[in-house]
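What follows is a single structure, written as C-alpha cells, with notes after it.
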Amino acid sequence: MRKLTYYIACSIDGFIGDPQGDATSMYSFVNEEYMAWMNGEYPETVPAHMREPMGIDADNKRFDTVIQGFGSYRLALDAGVASPYAHLREFVATRSLTESPDPNVELIADDLVGRIRELKAEEGGLGIWLCGGSVVAGELVDEIDELVIKTYPQVYGSGMPMFGAGFEPRDFELGTVRVFDNGVLVRTYTRKR
C-alpha cells in the first residue's frame with residue numbers, strides 16, 4: 001500500500017500561512033544549505049517550471065502523485081501555471097473548478113477520502129504527497145501515514161493552521177530530526193496505527 005505524506009512548512013506555532021494562506025515570510029530562511037538538502041531529499045516537490053532554472057533533473061525520489069486544495073493550486077494558476085507538478089500525477093480537491101485547466105490535473109469534487117484510499121491501494125509506485133491546504137489536510141487527517149514538518153523559526157500568532165479539523169488526538173511516532181543553521185527544524189513522524 002502506498003503512503004500519504006503531508007510534507008509541509010509551518011511556523012513554530014503550527015501555522016502554514018497567514019489568515020489568507022500567504023507564507024512568503026518563511027522564504028527568508030531558505031539558504032543554500034537548506035535548499036540543497038530539500039532539493040536532494042525531495043526533488044519532486046520543486047514545481048516543474050522551477051526545476052530546470054534550479055538545476056534539478058533528478059528522478060522522483062519519494063512521490064509520484066500530489067494532492068492539493070484549490071487554495072494552494074490557485075497560487076500556480078494565478079502565476080499562469082496550470083500544471084505546477086507536471087512531473088507527478090496531479091490531483092486538486094475543489095468544488096470551485098468544474099473543468100480542469102490542464103489534462104495532467106484531475107479534479108476531485110466529491111469523496112476526497114475515497115479517492116485517496118483508491119490511490120493508496122494502487123500497486124507499486126512511489127508515495128502520495130499532500131502538498132497543502134489546511135482544509136484538505138483536515139479532511140484527510142485520518143488517511144495521513146507520515147508527516148514531514150519543516151518548522152521555520154517564526155511565530156505567527158494566528159493564521160491558517162496545519163489542519164483545518166476539529167479536535168481529536170491522533171498519535172504519531174517521531175522519526176528523524178534535522179536541524180539547520182538557519183534555525184529550520186525538519187521532523188518526520190509516522191502514524192501510530
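Any residue at all in segment 68-81 that's touching a residue at least 40 places away in the same chain (Cβ under 8 Å), assigned to a strand (DSSP E or B) and closer than 23 Å to ARG117 by Cα?
yes
Inside segment 40-55, can you point out the residues that are surrounded by 18 or more Cβ atoms within 10 Å (Cβ to Cβ), part of a helix (DSSP H, G or I) and either free of Cβ contacts under 8 Å to residues at least 24 places away in the same chain or among the acidic types (Asp, Glu) (or both)?
Result: PRO43, GLU44.
Please give the strands (runs of 3 or more DSSP E) falling wholly within segment 83-140 in which 1 or more residues are more than 15 Å from the chain's Cα centre (by Cα).
105-108
Has segment 50-65 got any residue that is under 17 Å from SER134 (Cα atoms) and of a type in the set (A, V, I, L, M, F, W, C)?
no
In the list TYR85, TYR189, which residue meets the criterion of being closer than 30 Å to GLU33 by Cα, in contact (Cβ under 8 Å) with a residue 40 or more places away in the chain, among the aromatic types (Phe, Trp, Tyr) and touching a Cys at 6+ places or on another chain (Cβ under 8 Å)?
None of the other options fit; the residue is TYR85.
Looking at this structure, is LYS150 part of a helix (DSSP H, G or I) and in contact (Cβ under 8 Å) with a residue 24 or more places away in the chain?
So LYS150 does not fit the description; no.
Considering only residues that are under 18 Å from GLU41 (Cα atoms) and either among the aromatic types (Phe, Trp, Tyr) or at pLDDT below 95 (or both), which ones fall in segment 153-180?
Answer for segment 153-180, where residues must be under 18 Å from GLU41 (Cα atoms) and either among the aromatic types (Phe, Trp, Tyr) or at pLDDT below 95 (or both): just PHE180.
The values are calculated or read from the model by the stated rules, or taken from the named source; none is laboratory data. These figures come from a predicted structure and were not determined experimentally. Backbone-built Cβ (ideal geometry, glycine too); neighbour counts: all protein chains shown.
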